[in-house]
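A.B. asks: Once you've had a glance at the structure underneath, I'll fire off some questions.
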Amino acid sequence: MLDKKIIKTAFKKSIPIMCSYLFIAFAYGLMMKKAGFAWYVAFFISFFVYTGAFQFVLIPFLTSHVSLLTLAITALLMNSRQTFYSLTFIHDFKKMGIKKWYMIHTLTDETYAVNCTLDEDNKDAVMFYVALFSRIYWLFGTIVGSVAGSLIPIDLKGIDFCMTALFVIIFMDQWTQTKDHFPALSGVIIAFICLLIFSSQQFMLPSLIIVSLLLLLNQGKETKNG
Amino acid sequence: MDRYIFLVIVISTIITFFLRAFPFLFFNEQRKMPAWLDRLGQRLPASIMAILIIYCLKDLKTSFLPLGIPSFIAIIVVVMTYHIKRNTLLSITLSTLTYMILLNLF
């Protein structure tokens, strides 16, 4: 009975991820098919690598046979932001025993955002099901896209905006929950400046590094004052 | 599936998993996470959410018009409806529909 309630909560929380993942993974599967790969190659990549933007970068990499060193460096640079995400949930995940490794593997931009919105009631279990559902959406989208992509004619252009909307909502929630607006404001300003300086594919990592440094400096001040 | 594809999958998987697991591998019961890093982890979500919003709008950098108008209006829809109703799914549905319709107009 309790489990049912948890699953229901997790499903509701995962609906924005569903809209986004089904659509993006579908596009990914379709692009893999068009690049000439069998559906199971797309499936294996979605299953094991499981990281949105990087999987798209992998497509031209695979077709042009880039060196494995280039591949490794790109993976490092594109996905290091995940390290920052783990920092927030290190205590929550550690409590989860063996499931911890699954939670680490399935931590994405989107599940990170949703996990930030959960309250303490059964947080572990809800996080687990959000991760599980999100992964199912991603795999399902990939399979449909790579098997039958070109057969589906509906135009869903723009549906991925649901993720932008969710980020805005979480941002608003976090804003009202705290008086410490330094992290939010420095995030907006630094990300904007970094976007102007770096390419749109590369600005996230420098943004995260600079914001973290700023927060640390600001933290030092806080403790001195308090 | 040839050897190259196999290696690409293995290397990408290992690196991506390692990056996600890094703080967990580095800190354990013997080596506790220092308080300043713990505090950083607690304050980062607000910054990360801001960065993710900018990430979603990153393509406007190269072509603000006409792409910017649907995004701009749709974001106003989310902010307004969520401010009034505080209903996540309602705001997401309304703003995404607005965005999709506007995208077809512009």
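The values are calculated or read from the model by the stated rules, or taken from the named source; none is laboratory data. Computed from a prediction, not measured in an experiment: that's the story for all the values here. Virtual Cβ from ideal backbone geometry, glycine too; neighbours counted across all protein chains shown. We work out accessible area using only protein heavy atoms, side chains counted, and drop any ligands, DNA or RNA first. Shrake-Rupley method; radii C 1.70, N 1.55, O 1.52, S 1.80 Å.
A.B. asks: Please identify every one of the chymotrypsin sites (Phe, Trp or Tyr not before Pro) in region B:16-93 that sits in a loop by DSSP and has no more than 16 other beta carbons within 10 Å of its own beta carbon.
C.D. replies: Working: sites: B:Phe17, B:Phe18, B:Phe24, B:Phe26, B:Phe27, B:Trp36, B:Tyr55, B:Phe64, B:Phe72, B:Tyr82; in loops: B:Phe27, B:Phe64.
Here the sparse-neighbourhood loop sites are B:Phe64.
A.B. asks: Would you calculate, for chain B, the mean residue ellipticity at 222 nm contributed by helices, counting each DSSP H stretch of 4 or more residues as -39,500 (n - 2.57) and dividing by all residues, to the nearest 500? Present the calculation step by step, with values, prior to reporting the outcome.
C.D. replies: On the way: 4 runs with 82 residues, N = 106.
Result for chain B: -26500 deg cm²/dmol, rounded to the nearest 500.
A.B. asks: Just the isolated ones, please: cysteines in the protein assembly as shown lacking another cysteine beta carbon under 4.7 angstrom.
C.D. replies: Those would be A:Cys116, A:Cys194, B:Cys56, since no other cysteine Cβ in the protein assembly as shown comes under 4.7 Å of theirs.
A.B. asks: Taking every eigenvalue of the Cα gyration tensor of the protein assembly as shown, multiplying by 5 and rooting it, what semi-axes result, largest first, whole Å?
C.D. replies: 29, 26, 21
A.B. asks: Please list A:Ile73, B:Ile84, B:Ile11, A:Ile17 in order of solvent-accessible area, largest first, computed with a 1.4 Å probe with all protein chains present. Display every interim value, and only then the final one.
C.D. replies: Values: A:Ile73 85, B:Ile84 130, B:Ile11 45, A:Ile17 0 Å².
Solvent-accessible surface, decreasing: B:Ile84, A:Ile73, B:Ile11, A:Ile17.
A.B. asks: If the viscosity is 0.890 mPa s and the temperature 25 °C, what translational diffusion coefficient in µm²/s does Stokes-Einstein give for region A:42-98 when Rh comes from Kirkwood over Cα pairs?
C.D. replies: Details: Rh = 13.1 Å.
Calculated translational D: 187 µm²/s.
A.B. asks: How many Cβ atoms of partner chains, on average, are near each residue of A:61-73 if near means within 10 Å of its Cβ? Don't skip to the end; give the middle numbers.
C.D. replies: Working: counts 2, 4, 0, 0, 3, 2, 0, 6, 1, 0, 5, 5, 1.
The per-residue average across the peptide is 2.
A.B. asks: Can you send over the solvent-accessible area of A:Leu195, 1.4 Å probe, protein chains only, in Å² to the nearest 10?
C.D. replies: Around 20 Å² of this residue is reachable by solvent.
A.B. asks: To continue, here is another question. If the cut-off is 19 Å between C-alpha atoms, which lysines fall inside it for A:Lys100, apart from same-chain ones fewer than 8 positions away?
C.D. replies: Within the straight-line cut-off, A:Lys100 pairs with A:Lys123, B:Lys32.
A.B. asks: Tell me, how many Å apart are the Cα centres for region A:161-186 and for region A:97-119?
C.D. replies: When both Cα centres are located, 18 Å separates them.
A.B. asks: Ignoring ligands, DNA and RNA and using a 1.4 Å probe, state the total buried accessible area between B and A in Å², rounded to the nearest 100.
C.D. replies: On the way: alone 9440 and 13920 Å², together 16370 Å².
Between B and A, the summed buried area is about 7000 Å².
A.B. asks: Using a 10 angstrom cutoff on alpha carbons, build the Gaussian network for chain A and name the most mobile of A:Thr74, A:Thr106, A:Thr142.
C.D. replies: Highest fluctuation among the options: A:Thr74.
A.B. asks: What residue among A:Ser146, A:Ser134, A:Ser207 shows peak mean-square fluctuation when chain A is described by a Gaussian network model with Cα springs under 10 Å?
C.D. replies: Result for chain A, Cα springs under 10 Å: A:Ser207 fluctuates most.
A.B. asks: Give the Rg/Rh ratio for region A:73-226, taking Rg as the radius of gyration of the Cα atoms and Rh as the Kirkwood radius, to two decimals.
C.D. replies: On the way: Rg = 18.1 Å, Rh = 18.1 Å.
The Rg/Rh ratio comes out at 1.00.
A.B. asks: Now a separate question. Just the number, please: Stokes-Einstein D of region A:1-144 in µm²/s, Kirkwood Rh from C-alpha pairs, 20 °C, 1.002 mPa s. Before the final figure, lay out the partial values.
C.D. replies: Working: Rh = 16.1 Å.
Estimated diffusion coefficient is 133 µm²/s.
A.B. asks: Taking the solvent-accessible surface of protein heavy atoms with a 1.4 Å probe, what is the per residue accessible area of chain A in Å²?
C.D. replies: That works out to 47 Å² per residue.
A.B. asks: Give me the distance in nm between label points sitting 7 Å out from Cα along the Cα-to-Cβ direction at B:Gln30 and A:Lys123, one decimal.
C.D. replies: Calculated label separation equals 2.8 nm.
A.B. asks: Tell me, in nm to one decimal, what length is gained between A:Phe198 and A:Phe11 on full extension, where the rule is 0.36 nm per residue of separation less the Cα-Cα distance?
C.D. replies: Numbers: separation 187, 0.36 × 187 = 67.32 nm, distance 3.68 nm.
Working it through step by step, the gained length comes to 63.6 nm.
A.B. asks: Please work out the C-alpha center-to-center distance from region B:8-58 to region A:29-54 and express it in whole Å.
C.D. replies: Rounded to whole Å, the Cα centres lie 24 Å apart.
A.B. asks: Among the trypsin sites (Lys or Arg not before Pro) within region A:92-166, which fall in a DSSP loop and have no more than 13 other Cβ atoms within 10 Å of their own Cβ? Numbers along the way, then the final one.
C.D. replies: Details: sites: A:Lys94, A:Lys95, A:Lys99, A:Lys100, A:Lys123, A:Arg135, A:Lys157; in loops: A:Lys95, A:Lys157.
Within region A:92-166, the qualifying trypsin sites (Lys or Arg not before Pro) (loop, at most 13 other Cβ atoms within 10 Å) are A:Lys95, A:Lys157.
A.B. asks: How large is the convex hull of the Cα atoms of chain B per residue, expressed in Å³ as a whole number? Mind showing how you got there, number by number?
C.D. replies: On the way: hull volume 22.3 nm³, N = 106.
Once divided by residue count, the hull of chain B is 210 Å³.
A.B. asks: Per-residue ellipticity at 222 nm for chain A, helices alone: DSSP H runs ≥ 4 residues times -39500 (n - 2.57), over residue total, nearest 500 deg cm²/dmol?
C.D. replies: Numbers: 11 runs with 177 residues, N = 226.
One gets -26000 deg cm²/dmol as the mean residue ellipticity at 222 nm.
A.B. asks: Which of B:Phe24, A:Ala72, B:Ser47 sits farthest toward the positive end of the charge dipole of the protein assembly as shown, with +1 on the Cβ of Lys and Arg and -1 on the Cβ of Asp and Glu?
C.D. replies: B:Phe24
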